[in-house]
Ligand code: IPM
Ligand code: MG
């Protein structure tokens with residue numbers, strides 16, 4: 001097949017990890033006989049530097065004209081003043097919204113060879129294989145924000161809002177994913193306090209009862225979910241939650257996998273368009289050193305093959321190649337546990353070398 005893929009390299013280690021994922025996609029193209037055409041566009045801090053805008057119009061247009069988008073990371077100390085009117089993160093939030101990517105899939109699996117890399121006790125980690133389905137274009141991130149004068153100085157607010165439709169469509173994504181896995185959905189909210197969460201919970205109950213009676217459903221409050229993620233992480237299959245809770249819980253869940261550098265994500269909307277990115281940030285402390293772990297980005301490329309290009313065998317081949325490399329002891333420094341390590345480029349090469357039909 002032929003496919004156009006937009007690469008948004010972004011900031012920090014973004015360009016380094018994207019280079020490896022591109023190499024792997026090129027490897028897939030040659031092994032399986034596809035033609036992937038890559039084009040690059042600006043996002044984040046580098047886009048601010050070059051155009052004054054973290055999300056230039058040309059970037060949105062290029063993404064819309066492609067089948068899928070692969071993104072590195074945005075942000076860095078140069079642009080990190082939270083009071084600055086223009087910030088790299090606006091580019092990321094803006095592209096998610098502009099492309100209508102409301103479903104953020106963050107799978108968390110622990111590779112058996114990396115059990116020791118996690119700070120958690122090994123017996124808790126056995127069998128961890130979960131998918132967080134985070135709502136990505138609503139909630140408190142997009143409900144409107146403002147400031148007013150206040151007798152003590154100022155009052156600032158961010159509005160948390162969800163519509164029935166926004167909740168219904170993410171629950172459907174979660175339940176459909178659960179049917180392909182272990183058939184269980186855990187919905188996370190704060191229904192003992194928030195009105196938004198009460199609408200969330202009743203909507204989840206209604207959709208699941210009417211459309212997915214075969215899928216097991218449980219509700220957990222977000223504070224308890226934070227605890228259970230550490231206490232009994234293997235009990236989760238698909239976790240569905242709103243934008244901010246999902247943001248927080250997925251960073252927590254990433255610790256299970258030993259390193260943030262290991263985990264991929266997919267952001268999907270209606271239709272096949274998707275944006276794929278590692279869950280880690282721009283890691284400015286190690287940028288430019290060639291030691292970043294490209295695995296999360298490479299696994300994101302596998303998700304791209306699966307969800308946007310419908311190339312399941314190719315996606316599985318990439319995942320298998322990553323697994324074999326890890327099993328055979330190929331390690332970037334973040335997962336080397338003090339032992340021998342390879343650099344970013346060598347990790348990418350190790351995956352490409354293990355690709356086969
Ligand atoms: C993430 C990130 C972003 C988010 C930031 C960079 C805006 O933390 O993708 O989890 O909060 O969504
Ligand atoms: Mg986050």
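Observations on the structure shown:
- Separation of the residue 30 and residue 113 label points, Cα + 7 Å toward Cβ, nm: 2.3 nm
- Antiparallel DSSP beta bridges within the chain, as percent of all bridges there, nearest 5: 45 percent
- C-alpha center-to-center spacing [the range 110-128, the range 210-282] in angstrom: 17 Å
- Antiparallel %, DSSP beta bridges [both residues in the range 10-160], to 5: 95 percent
- Shape call, the chain: gyration tensor on alpha carbons, a/c limit 1.5: rounded
- Across the range 139-178, the mean sequence separation of Cα contacts (distance under 8 Å, 6 or more residues apart), normalised by length, yields a relative contact order of 36 percent.
- For the chain, the relative contact order works out to 22 percent when only alpha carbon pairs closer than 8 Å and six or more residues apart are counted.
- The range 244-349 shape via C-alpha gyration tensor axes, a/c threshold 1.5: oblate
- Of 177, 47, 340, the one that fluctuates the most in a GNM where the chain has Cα springs shorter than 10 Å: 340
- Both radii were evaluated on the Cα set of the range 199-309; the Rg over Rh quotient, with Rh as the Kirkwood radius, amounts to 1.02.
- Modelled spin labels at residue 234 and residue 40, positioned 7 Å past Cα toward Cβ, are 4.4 nm from each other.
- Among beta bridges that DSSP assigns inside the range 112-229, antiparallel share in %, nearest 5: 50 percent
- Estimated FRET transfer efficiency (residue 223, residue 155; beta-carbon r; R0 22 Å; 0.05): 0.30
- Over the range 40-171, relative contact order from alpha-carbon pairs under 8 Å, at least 6 apart, %: 18 percent
- Two-site label geometry, residue 121 and residue 357: point separation in nm, points 7 Å out along Cα→Cβ: 4.9 nm
- Using R0 = 45 Å, the C-beta based FRET efficiency linking residue 324 and residue 98 works out to 0.75.
- Taking a ≥ b ≥ c as the square roots of the eigenvalues of the alpha carbon gyration tensor, the range 1-156 is oblate, as a/c is not under 1.5 and a/b does not beat b/c.
Bear in mind these aren't lab numbers, they're just calculated from the coordinates by the rules spelled out. Given the structure is predicted, the values throughout are model-derived calculations rather than measurements. Reconstructed Cβ throughout: ideal geometry from the backbone, glycine too, with neighbour counts over all protein chains shown.
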